[in-house]
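Read the structure below first, then the notes.
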Amino acid sequence: MTDPAELVRSLDLEPLWMPLTANRAFKRSPRLVVAAKDLYYTTADGRQVLDGLATLWCVNAGHCRPKIVEAIGRQAGTLDYASSYSLGHPLAFEAARRVVALAPEGFGHVFFTNSGSEAVDTALKIALAYHRLRGEATRTRLVGRERAFHGANFGGISVGGVPAYRKAFAAGLLPAVDHLRHTQDLGARAFVRGQAAAGAELADELENRIIPLHDASNIAAVIVEPVAGAGGVLVPPRGYLARLREICDRHGILLVFDEVITGFGRMGTPFASQFFGVTPDLIVFAKGITSGAVPMGGVLVKKSIYQAFAEAAGGGVELFHGYTYSGHPLASAAALAALDTYAEERLFERAGELAPYFEDGVHALRGLPHVIDCRNLQLIGAVELEPRPGAPGARATDVHTRAWDRGVFVRAIGDTVAFCPPLIAERKHLDALFGVVAEAIRATA
Ligand SMILES: Cc1ncc(COP(=O)(O)O)c(C=O)c1O
C-alpha cells in the first residue's frame, strides 16, 4: 500500500476543479479512495469504508463486480467505440431490448444518453416535440416540483426545485415552467414509516392551480421523481402519484418519471413505476443501468409516443437529438453485465426482502440528539437533523465527516443524511451502517 502522505504529496490536486465540492477545503485535507470491492472502498491510507449510499445512488450491484469488469475489458478490446448515428453495434440494441423487457407494459423503446442530466433533457425534448408533431404545438409548458433534482443541465435545473442549483443561472432557466409544492410536511408527517397515509391531495394543485392558470392546452408534461432523492429523500404520500397520473390523463399532459435513483431495483422492482403501480409516459434512467461502472443514461419511451414520431417523420430522422456517445459500446457492455448480475443474484427481489430490516435501522435513529425525522421507502432512507442556528447544513456535514472517519460513507443533503446501500447489502452491513451513523450523531453537538 502506498504511503498515503506520499500519494497526496505526489499528486497535483490543483488543476482538477472537482464538481459539487468545496475544492479548497478538500485539497487542504484530501480524502482519496484507491480501490473498491463490493460494498467497501479502500482509502489511500488503507482503511475500508462501507459505501452506505451506493456512492451516488448508483452502484446497485456493488463495486467491481466480476461480470461487469470482465464485460468492459472484453468490449474495450473488441469494439472500443462506434457511433449510434446511422451506424449500429449489437450491444446497444441488446441493451435497449433488455431495458424494455424490464419496463412496465406499453414501453417499447429506449433512447440512450450518457448521464441522468442528459436523459432528463432528452425526455423534456421528446415531450415538447411529441405534442408539436401531433398538432398541439401550444403545449410548451413544463411542470416540475419544489425540492426535485433532475440533474445539472439547463432543462433539469429549470424543472428542478433545489434552489442552490438554480440561483446563479436564473437568466438561463427555461421560461415556461411551473412547480408543484413538494410533499414534505414535518409538522404533520414526521417519523412516518414508508408512505404517509395523508397527502395525496397535494397532487390536486396541478388541477386546481396550474392548469386553470395556464390552460391544459399549453402544458406539455409533468416531471417528478417517484421518490425524491437528492432534494433530501422525500417519500410520496400514498395515492399521490396515482392522482398525478389521473390528472395528466384527464388533460392530455404527459407524465415523466425521473427514475435515475429509483430505477434498477432500488424499490424492489425494476422501476418505481411497478412498485407504485403507476405507469408514466416516459421513464428517465441512468446510474444503476451500469451499476455506475460506465456513464450511461436513457429514456424509456411508450410505443405510442415512438409511433407518433415514426409516422410524422415520413421515413426521415424522427428526432434531431442525440449524443456522440449515445449507446457507447463500453456502456452497453456494462449495462448488459449489470442486468445479468441483477438477475442472477435476484438483487431487485433481495432489495425488497431487506427493506423491512432497513426501515427498522433508519427508525432506530429516532430519539438521538437533534433527530427531527426518519423516513424511508424500500432501500432508500434518511434521517433529518435540526439545523444549527445560523448554520444550516453544518450538523449533517459533521455527521457525514464523523461517519467517514469511523468507516462509513453517507451523504449530507442540507441537514438530511441519506442512506441508499448497494442492493447486495446484508443485515450485517446495515447494522454497521446505522451503528456508525448513530455514533456519529451522538458525537455531534
Ligand atoms: C433524480 C435524478 N435525476 C437526474 C440526475 C442527474 O444524473 P447525472 O448526475 O448522471 O447527470 C440525478 C443525479 O443524482 C438524479 O438523482
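The values are calculated or read from the model by the stated rules, or taken from the named source; none is laboratory data. All values reported here derive from a predicted model rather than from experimental measurement. With ideal geometry, Cβ positions are generated from the backbone for all residues, glycine too; neighbour counts draw on all protein chains shown.
Would you check which residues across segment 229-267 are near the ligand (Cβ under 9 Å from one of its atoms) and either under 15 Å from residue 143 (Cβ atoms) or in a helix (DSSP H, G or I) (or both) and list them?
258
All but one of (1) part of a loop (DSSP other than H, G, I, E, B); (2) aromatic (Phe, Trp, Tyr); (3) under 16 Å from residue 287 (Cβ atoms) hold for residue 112; state the number of the condition that does not hold.
In the conditions (1) part of a loop (DSSP other than H, G, I, E, B); (2) aromatic (Phe, Trp, Tyr); (3) under 16 Å from residue 287 (Cβ atoms), residue 112 misses (1) alone.
Mind counting the residues in segment 328-387 that are out of contact with any Cys (no Cβ under 9 Å at 6 or more places or on another chain) and β-branched (Val, Ile, Thr)?
Final tally of qualifying residues: 3.
Kindly provide the set of residues from segment 115-151 that are among the hydroxyl-bearing types (Ser, Thr, Tyr), more than 18 Å from the chain's Cα centre (by Cα) and either outside the structural domain of residue 259 (by TED's automatic domain parsing) or not in a helix (DSSP H, G or I) (or both), ordered by number. It would help to see each step written out before you state the result.
We begin by selecting, within segment 115-151, every residue among the hydroxyl-bearing types (Ser, Thr, Tyr); these are 115, 117, 122, 130, 138, 140.
From the residues that got through so far, the ones that are more than 18 Å from the chain's Cα centre (by Cα) too are 130, 138, 140.
The answer is 138, 140.
Restricting to segment 185-228, name every residue that is under 19 Å from residue 162 (Cβ atoms) and either within 16 Å of the ligand (Cβ to nearest atom) or of a type in the set (Gly, Ala, Ser) (or both).
Within segment 185-228, 222, 223, 224, 225, 226, 227, 228 meet the criteria.
Report every pair of residues separated by at least 6 positions or lying on different chains whose Cβ atoms are under 7 Å apart, first residue within segment 201-222 and assigned by TED's automatic domain parsing to the domain that holds residue 252, second assigned to a strand (DSSP E or B) and acidic (Asp, Glu).
The qualifying pairs are 210/178.
Where residues in segment 268-292 are within 13 Å of the ligand (Cβ to nearest atom) and in a loop (DSSP other than H, G, I, E, B), which of them is surrounded by the most Cβ atoms within 10 Å (Cβ to Cβ)?
286
Inspect all residues belonging to segment 87-98 and state whether any of them is part of a loop (DSSP other than H, G, I, E, B), surrounded by 15 or more Cβ atoms within 10 Å (Cβ to Cβ) and touching a helix residue (DSSP H, G or I) at 6+ places or on another chain (Cβ under 6 Å).
Checking segment 87-98: at least one residue is part of a loop (DSSP other than H, G, I, E, B), surrounded by 15 or more Cβ atoms within 10 Å (Cβ to Cβ) and touching a helix residue (DSSP H, G or I) at 6+ places or on another chain (Cβ under 6 Å).
Would you point out which residue out of 140, 113 is surrounded by fewer than 19 Cβ atoms within 10 Å (Cβ to Cβ) and closer than 28 Å to residue 85 by Cα? If you could, list the steps in order and put the result at the bottom.
Working: 113 fails: surrounded by fewer than 19 Cβ atoms within 10 Å (Cβ to Cβ).
Only one candidate passes the filter, namely 140.
Can you run down the residue pairs with Cβ atoms below 8 Å, 6 or more apart or on separate chains, where the first is in segment 116-127 and closer than 13 Å to residue 281 by Cα and the partner is near the ligand (Cβ under 7 Å from one of its atoms) and not in a helix (DSSP H, G or I)?
Pairs that qualify, where the first residue is closer than 13 Å to residue 281 by Cα and the partner is near the ligand (Cβ under 7 Å from one of its atoms) and not in a helix (DSSP H, G or I), are 123/258; 123/284.
Out of all the residues in segment 112-143, which are farther than 19 Å from residue 300 by Cβ and in contact with a helix residue (DSSP H, G or I) (Cβ under 8 Å, 6 or more places away or on another chain)?
If we filter segment 112-143 for residues that are farther than 19 Å from residue 300 by Cβ, which is where we start, we get 132-141, 143.
Selection gives 133, 134, 136, 137, 138, 139, 140, 141, 143.
What residue, among those in segment 159-177 that are of a type in the set (Gly, Ala, Ser) and within 13 Å of the ligand (Cβ to nearest atom), is surrounded by the fewest Cβ atoms within 10 Å (Cβ to Cβ)?
Our first condition is that a residue be of a type in the set (Gly, Ala, Ser); within segment 159-177, this holds for 160-161, 164, 168, 170-172, 176.
Now restrict to residues that are within 13 Å of the ligand (Cβ to nearest atom): 160-161.
Details: 160: 30, 161: 22.
This residue is 161.
For residue 49, state whether it is within 16 Å of the ligand (Cβ to nearest atom), in contact with a strand residue (DSSP E or B) (Cβ under 9 Å, 6 or more places away or on another chain) and in contact (Cβ under 8 Å) with a residue 60 or more places away in the chain.
Spelling it out, it is not the case that residue 49 is within 16 Å of the ligand (Cβ to nearest atom), in contact with a strand residue (DSSP E or B) (Cβ under 9 Å, 6 or more places away or on another chain) and in contact (Cβ under 8 Å) with a residue 60 or more places away in the chain.
Can you give me the number of residues within segment 178-204 that are over 21 Å from the mean Cα position of the chain (by Cα) and buried (at least 18 other Cβ atoms within 10 Å of the Cβ)?
Total meeting the criteria: 8.
Only one of 395, 388 is assigned by TED's automatic domain parsing to the domain that holds residue 427, over 21 Å from the mean Cα position of the chain (by Cα) and without any contact (Cβ under 8 Å) to a residue 24 or more places away in the chain. Can you tell me which?
On the way: 395 fails: without any contact (Cβ under 8 Å) to a residue 24 or more places away in the chain.
Answer to the check: 388.
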